[in-house]
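**Q** Can you keep this structure in mind? I'll have questions shortly.
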Number of protein chains: 2
Amino acid sequence: MTVAFKQQSADRLQESLGLVQRLIERQRELESAAARQDGEDAADALAPRHNLAELKQKLAQLHPADIAHVLEALPLEDRLLAWDQTDPARDGAILLEVSDAVRESLIEVMDPDQLVAALAELDTDDLAELAPDLPRQVVYEAMARLDEEARGQLQEVLSYGEDRVGALMDFELVKIRADVSCEVVLRYLRRFDELPNQTDKIFVTDEAGRLKGVLAIRKLLVSDPESEVADVMATEVVSFHPDEPALDAAQAFERYDLVTAPVVDERGMLLGRLTVDAMVDVIREEGDSEVLNLAGLKEEEDLFAPVIDSVKNRWSWLAINLCTAFFASRVIGAFEHSIAQLVALAALMPIVAGIGGNSGNQTITMIVRALAMGQMRTGQAGRLWRKEIGVSVINGMIWGSVIGVIAWLLYGSLSLGLVMLAAMTLNLMLAATMGVLIPTLMQKLGKDPALGSSVLITACTDSGGFLIFLGLATVFLL
Amino acid sequence: MTVAFKQQSADRLQESLGLVQRLIERQRELESAAARQDGEDAADALAPRHNLAELKQKLAQLHPADIAHVLEALPLEDRLLAWDQTDPARDGAILLEVSDAVRESLIEVMDPDQLVAALAELDTDDLAELAPDLPRQVVYEAMARLDEEARGQLQEVLSYGEDRVGALMDFELVKIRADVSCEVVLRYLRRFDELPNQTDKIFVTDEAGRLKGVLAIRKLLVSDPESEVADVMATEVVSFHPDEPALDAAQAFERYDLVTAPVVDERGMLLGRLTVDAMVDVIREEGDSEVLNLAGLKEEEDLFAPVIDSVKNRWSWLAINLCTAFFASRVIGAFEHSIAQLVALAALMPIVAGIGGNSGNQTITMIVRALAMGQMRTGQAGRLWRKEIGVSVINGMIWGSVIGVIAWLLYGSLSLGLVMLAAMTLNLMLAATMGVLIPTLMQKLGKDPALGSSVLITACTDSGGFLIFLGLATVFLL
């Protein structure tokens, strides 16, 4: 696909967005004006149509990725108005670029025929990326239009889990034999109308289709035309298996600064390739899911989603949070008698819980990342736990003393201050312990250590903090 | 630089790490055994040296990025033992790949001569990346060894802020003129020993050095050798200014699936290029800083850092958290009289604060991301606020009713349940309001909306939640 559309810097993209927004605003004004003076003035009746044509023209000048950005930044009704004015031939490319939530809102308003038409322009790997979001019937129709080879490829890609290398494979690649000269390769390449996107290497296979090596274009261009591919190609190639986690592949791309890499099955057959742009998306999504998880969101949200969609996206974490908060509340309830005798306890207990939660989140985030990056084996948990305990004791002594002294001065009770110091230190130690233990256990059980880590640790440090503080107070102060 | 070292899949990388760890463990055992039977057995005295040689050989087989990974996963004393066994000629490349915290621990143990020697192998842009972490004297010495052109480039790169495009520029690029034929270009390229990494396009400049266009390699390879560069090159090029934020450039790389792009000054002069591997790092770091910020860590931490370093990295957020917790505590303190009369309030108040914090973090995270991605202008804050208020009222009604009924049953007071319902709904509305307001204001004031967003919103919903709940209870229940 030629990129015939101007690519834009961030500033110019914001300008384009502003212009589209102004055109849409004017459209609404013109339409309501036209509706008011219905038929009175023929010239005015044309104005909305002219404005719409201008919008269409502006959108036609934008790169599909930029249209996607504009659509994401528009409220739903404006977004659909703009979506109506895009070139149908580019709808597929735009759908590929928008976020999942926005994609859903666009697909919802398209009828099956429009969708099938939009898909017609896409490559197999792009089709595979959209397929899970499309009505089943549309996917079948789009498949029926493919030639046999492409249909087989699409089925292959769809057979892998979304987080696997196989699901991100691309089949547009150049294959050559090892026993030809570089000259022949250059002549062969010249027969293409255009090389596939991001072709930084060509793949060397034998008759059976087994990968024998790769020939980097930057090697090919400096090689003697007479030399044989076998002598110039690299044979130690980092390649991926379609069942490998996509995140592992993305990290390898990052480590080795790769642009493309072959996907190869157990028997060494070349299945397809991975490209860096797909890997960038994987890295981005990994960061996203960590952030969403920490913030208690189920998935990326369409900023302008209807209220009800937002409620759905957020309710599960809220519900879990409520359950743990309720449990913590019952812990406090068990000490109501103590609080009735010394009301200061009620005012001080959130401090103990709060510092534990904050510190526990620090620890657990670090451990979860180290596990995800393969920098920590679960066997090292003991060593890291000792370190975290060290950190928590120091923090407990420092901050516990500060708050302890303040509590002493405020409530005139040295023993209350000492209980505060002890409770804060103990809760920080609990936070350190759970911060190491929770993700390590999750990993050992084969679960994703990131999932819910923040909620779990906060639950521990809240309930634990209340229990420790109120328990100590009941024993020593009352 | 040729990559003569085997690149590895995730599994094999873990194997290498395991092997290095075993060799280091054995080294410690052998050394202590040798120390015990000092001089008794000459054969045993050689064993540690053999083992060390094996470690050295293993490390020599690894890619610098893989050595970096191994070093990051090793506790400090083991890390330094392994670092001693790496090939000094590759030390510079390894330093480039390790995380900031680990880099610091390695540089600390190197003397200036070693450092200068390690830098000798690096390109200008890599040198520039390391420079901020190096002793000033070492940078001067390394600079003195460069030729004049490279020194000028290094000074240029160092003159830009770390988060600017200019700081990430790479000067290894191929330049050609527009008035030559593709044949001539191919012949010119053949004169190189090797093309720069990730060369997917060559840059077309005029005599003065102004960028006229780019010639994609994938275009060059399929073009008629007779045709002139001017006819084949693309003239509408996405280019970046060195003062532009690096994150904007990275997002453009992501949007347009770029591999390299030119950096150009106001006058159109080609200064250097950006490559996708540097942009991947920017995207990764952006995600990282969001996660670290949400978790209350100042920066990425060396997993095996001494306790005192961890304390330093974490104390600032803990201190801020303590201040806000103390403030919330004083809010409760103001209602001690009410709590003394109705102790149930102490048990229920953390639920009100907790759900507000959770919901506020959901809102603020979404808004911060939308602002960072340019998907939201501050002018849309009002519209988004209305939506968030809608979400919070629905959530308040649902969860407030659930908890309200439970409180009613638990404490036998319908009015307590109603106060609970009202307080939860109001605190959720406060969370929604502050969740939109805080980042929007930060953005308008030209500050980073992400910084401290989680702490700020939690402070509001804690203090606010206690105030609302205890206030309502005091008015209606006592």
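**Q** Residues that are facing another protein chain (nearest Cβ under 7 Å) and under 30 Å from B:HIS69 (Cα atoms): does region A:219-235 have at least one? I'd like the intermediate steps shown before the answer.
**A** The first filter runs over region A:219-235 and keeps only residues facing another protein chain (nearest Cβ under 7 Å), leaving A:221-222.
When the remaining residues are screened for being under 30 Å from B:HIS69 (Cα atoms), the result is none.
No, region A:219-235 contains no residue that is facing another protein chain (nearest Cβ under 7 Å) and under 30 Å from B:HIS69 (Cα atoms).
**Q** Does A:LEU437 fit the bill of being over 30 Å from B:ALA334 (Cβ atoms) and without any contact (Cβ under 8 Å) to a residue 60 or more places away in the chain?
**A** Judged against the criteria, A:LEU437 is a match.
**Q** Report, ordered by the first and then the second residue, all pairs with beta carbons closer than 8 Å, sequence separation of six or more or different chains, a first member in region A:49-73 that is in the same structural domain as A:ALA35 (by TED's automatic domain parsing), and a second member that is part of a helix (DSSP H, G or I) and among the aromatic types (Phe, Trp, Tyr).
**A** Every condition considered, the pairs that remain are A:HIS63/B:TYR256; A:ALA65/B:TYR256; A:LEU71/A:TRP83.
**Q** Here's something else I'd like to know. Need the failing condition index for B:THR275 against (1) buried (at least 21 other Cβ atoms within 10 Å of the Cβ); (2) touching a Lys or Arg at 6+ places or on another chain (Cβ under 9 Å), just the number.
**A** (2)
**Q** Related question: Among A:VAL139, A:VAL157, A:VAL165, which is within 30 Å of the chain's Cα centre (by Cα), under 21 Å from A:LEU96 (Cβ atoms) and free of Cβ contacts under 8 Å to residues at least 24 places away in the same chain? Step through it out loud before you land on a result.
**A** Numbers: A:VAL157 fails: free of Cβ contacts under 8 Å to residues at least 24 places away in the same chain; A:VAL165 fails: free of Cβ contacts under 8 Å to residues at least 24 places away in the same chain.
After ruling out the rest, the residue left standing is A:VAL139.
**Q** Scan region A:182-208 residue by residue and report those that are away from chain B (no Cβ under 14 Å) and surrounded by 13 or more Cβ atoms within 10 Å (Cβ to Cβ). Let's see the steps before the verdict.
**A** Step one: of region A:182-208, the residues away from chain B (no Cβ under 14 Å) are A:203-208.
Matches in region A:182-208: A:PHE203, A:VAL204, A:THR205, A:ASP206.
**Q** Considering only residues that are of a type in the set (Lys, Arg) and at pLDDT 85 or above, look in region B:1-58 and name the one that is nearest to A:GLU236 (Cα to Cα). It would help to see each step written out before you state the result.
**A** From region B:1-58, those of a type in the set (Lys, Arg) are B:6, B:12, B:22, B:26, B:28, B:36, B:49, B:56, B:58; that's our starting set.
Add one more test, that the residue is at pLDDT 85 or above, and what stays is B:22, B:26, B:28, B:49, B:56, B:58.
On the way: B:ARG22: 26, B:ARG26: 30, B:ARG28: 34, B:ARG49: 31, B:LYS56: 21, B:LYS58: 17 Å.
My answer is B:LYS58.
**Q** Another question about this same structure. Residues being within 14 Å of chain A (Cβ to nearest Cβ) and either of a type in the set (Val, Ile, Thr) or in a loop (DSSP other than H, G, I, E, B) (or both): count how many of those fall in region B:118-130. Before you say what the answer is, go through the steps one by one.
**A** First, the residues of region B:118-130 that are within 14 Å of chain A (Cβ to nearest Cβ): B:123, B:125-126, B:129.
In the following step, the residues that additionally are either of a type in the set (Val, Ile, Thr) or in a loop (DSSP other than H, G, I, E, B) (or both) were identified as B:123.
Of the residues in that region, 1 qualify.
**Q** What are the residues in region B:377-387 that are among the hydrophobic types (A, V, I, L, M, F, W, C) and either facing chain A (nearest Cβ under 8 Å) or under 13 Å from A:ALA73 (Cβ atoms) (or both), if any?
**A** Restricting attention to region B:377-387, the residues satisfying the condition of being among the hydrophobic types (A, V, I, L, M, F, W, C) are B:381, B:384-385.
Across region B:377-387, the qualifying residue is only B:LEU384.
**Q** Grab the helices (runs of 4 or more DSSP H) fully contained in region A:131-242, keeping just those with 1 or more residues being in the same structural domain as A:ASP100 (by TED's automatic domain parsing) and closer than 19 Å to A:MET279 by Cα. First the steps, then the outcome.
**A** Numbers: elements: A:136-144, A:148-158, A:182-190, A:217-220, A:229-232.
Fully inside region A:131-242 and qualifying: A:148-158.
**Q** Just to verify a result, which residue in region B:115-136, among those that are under 20 Å from the mean Cα position of the chain (by Cα) and of a type outside the set (A, V, I, L, M), is surrounded by the most Cβ atoms within 10 Å (Cβ to Cβ)?
**A** Taking the candidates together, the pick is B:ASP125.
**Q** Another question, then. So which pairs qualify, if the first residue must be in region A:268-297 and within 7 Å of chain B (Cβ to nearest Cβ), the second must be of a type in the set (Ser, Thr, Tyr), the Cβ gap must be under 6 Å, and the two must be at least 6 apart or on different chains?
**A** The qualifying pairs are A:LEU294/A:SER454; A:ALA295/B:THR365.
**Q** Another question about this same structure. Among the residues of region B:242-261, how many are under 26 Å from B:ASP179 (Cα atoms) and touching a residue at least 60 places away in the same chain (Cβ under 8 Å)? Reasoning before the result, please.
**A** So in region B:242-261, the residues under 26 Å from B:ASP179 (Cα atoms) come out as B:258-261.
From the residues that got through so far, the ones that are touching a residue at least 60 places away in the same chain (Cβ under 8 Å) too are B:259-260.
The total comes to 2.
**Q** Of everything in region A:358-371, what is buried (at least 24 other Cβ atoms within 10 Å of the Cβ) and more than 7 Å from chain B (Cβ to nearest Cβ)? Give them in sequence order.
**A** Of region A:358-371, the ones buried (at least 24 other Cβ atoms within 10 Å of the Cβ) are A:358-368.
Result: A:GLY360, A:THR363, A:ILE364, A:ILE367, A:VAL368.
**Q** Additional query: Go over the candidates B:GLU285, B:GLU236, B:GLU301 one by one and state the one that is at pLDDT below 90 and either surrounded by 20 or more Cβ atoms within 10 Å (Cβ to Cβ) or not acidic (Asp, Glu) (or both).
**A** Values: B:GLU285 fails: either surrounded by 20 or more Cβ atoms within 10 Å (Cβ to Cβ) or not acidic (Asp, Glu) (or both); B:GLU236 fails: either surrounded by 20 or more Cβ atoms within 10 Å (Cβ to Cβ) or not acidic (Asp, Glu) (or both).
When all the criteria are applied, what remains is B:GLU301.
**Q** Now for a different question. Against the definition (touching a residue at least 40 places away in the same chain (Cβ under 8 Å), part of a helix (DSSP H, G or I) and closer than 25 Å to B:ILE351 by Cα), how does A:THR425 come out, yes or no?
**A** In short, no.
**Q** Further, regarding this structure: Just to be sure, is A:GLN375 outside any helix (DSSP H, G or I) and either touching a strand residue (DSSP E or B) at 6+ places or on another chain (Cβ under 6 Å) or over 15 Å from A:ALA423 (Cβ atoms) (or both)?
**A** Values: outside any helix (DSSP H, G or I): yes; either touching a strand residue (DSSP E or B) at 6+ places or on another chain (Cβ under 6 Å) or over 15 Å from A:ALA423 (Cβ atoms) (or both): yes.
The answer is yes for A:GLN375.
**Q** Among residues belonging to region B:243-262 that are part of a loop (DSSP other than H, G, I, E, B) and within 11 Å of chain A (Cβ to nearest Cβ), point out the one that is surrounded by the fewest Cβ atoms within 10 Å (Cβ to Cβ). Step through it out loud before you land on a result.
**A** At the first step, the residues of region B:243-262 found to be part of a loop (DSSP other than H, G, I, E, B) are B:243-244, B:257-259.
Still in the list and also within 11 Å of chain A (Cβ to nearest Cβ): B:244, B:257-259.
Working: B:GLU244: 19, B:ASP257: 17, B:LEU258: 22, B:VAL259: 25.
So the residue we want is B:ASP257.
**Q** Next question. If you scan region A:237-259, which residues turn out to be of a type in the set (Val, Ile, Thr) and under 21 Å from the mean Cα position of the chain (by Cα)? Break it down stepwise before answering.
**A** At the first step, the residues of region A:237-259 found to be of a type in the set (Val, Ile, Thr) are A:237-238, A:259.
Listed by number, the list holds a single entry, A:VAL259.
**Q** Additional query: With respect to B:TYR160, is the statement that it is within 11 Å of chain A (Cβ to nearest Cβ), of a type in the set (Ser, Thr, Tyr) and surrounded by fewer than 20 Cβ atoms within 10 Å (Cβ to Cβ) true? Break it down into steps so the answer makes sense when it comes.
**A** On the way: within 11 Å of chain A (Cβ to nearest Cβ): no; of a type in the set (Ser, Thr, Tyr): yes; surrounded by fewer than 20 Cβ atoms within 10 Å (Cβ to Cβ): yes.
Against the criterion (within 11 Å of chain A (Cβ to nearest Cβ), of a type in the set (Ser, Thr, Tyr) and surrounded by fewer than 20 Cβ atoms within 10 Å (Cβ to Cβ)), B:TYR160 does not qualify.
**Q** Could you tell me whether region B:429-436 includes any residue that is modelled with pLDDT of 95 or more, farther than 22 Å from A:PRO306 by Cβ and in a helix (DSSP H, G or I)?
**A** Scanning region B:429-436, I find at least one residue that is modelled with pLDDT of 95 or more, farther than 22 Å from A:PRO306 by Cβ and in a helix (DSSP H, G or I), so the answer is yes.
**Q** Here's another thing I want to ask about it. Tell me the residue from A:ILE332, A:ILE320 that is more than 17 Å from the chain's Cα centre (by Cα) and either in the same structural domain as A:LEU80 (by TED's automatic domain parsing) or buried (at least 24 other Cβ atoms within 10 Å of the Cβ) (or both), please.
**A** On the way: A:ILE320 fails: either in the same structural domain as A:LEU80 (by TED's automatic domain parsing) or buried (at least 24 other Cβ atoms within 10 Å of the Cβ) (or both).
Exactly one of A:ILE332, A:ILE320 is more than 17 Å from the chain's Cα centre (by Cα) and either in the same structural domain as A:LEU80 (by TED's automatic domain parsing) or buried (at least 24 other Cβ atoms within 10 Å of the Cβ) (or both), namely A:ILE332.
**Q** Sticking with this structure for a sec: Here are some residues: B:PRO439, B:PRO449. Which one is part of a loop (DSSP other than H, G, I, E, B) and surrounded by 18 or more Cβ atoms within 10 Å (Cβ to Cβ)? Talk me through it step by step, then tell me what you get.
**A** Values: B:PRO439 fails: part of a loop (DSSP other than H, G, I, E, B).
Of the residues listed, the single one that is part of a loop (DSSP other than H, G, I, E, B) and surrounded by 18 or more Cβ atoms within 10 Å (Cβ to Cβ) is B:PRO449.
**Q** Let me ask another. Among the listed residues A:GLY354, A:GLY390, A:GLY374, identify the single one that is at the interface with chain B (Cβ under 7 Å from one of its Cβ atoms), in contact with a His (Cβ under 9 Å, 6 or more places away or on another chain) and not β-branched (Val, Ile, Thr). Working first, answer last.
**A** On the way: A:GLY354 fails: in contact with a His (Cβ under 9 Å, 6 or more places away or on another chain); A:GLY390 fails: in contact with a His (Cβ under 9 Å, 6 or more places away or on another chain).
Matching residue, one of A:GLY354, A:GLY390, A:GLY374: A:GLY374.
**Q** A:ALA407 passes all but one of (1) away from chain B (no Cβ under 11 Å); (2) among the aliphatic types (A, V, I, L, M); (3) in contact (Cβ under 8 Å) with a residue 24 or more places away in the chain; which number fails?
**A** (1)
**Q** Which condition does A:GLY333 not pass, out of (1) facing chain B (nearest Cβ under 7 Å); (2) farther than 26 Å from B:LEU348 by Cα, if it passes all the others?
**A** All conditions are met except number (2).
The values are calculated or read from the model by the stated rules, or taken from the named source; none is laboratory data. This one's a predicted model, so the numbers in the text were calculated from it and none came from an experiment. Positions of Cβ are backbone-derived with ideal geometry, glycine not excepted, and every protein chain shown enters the neighbour counts.
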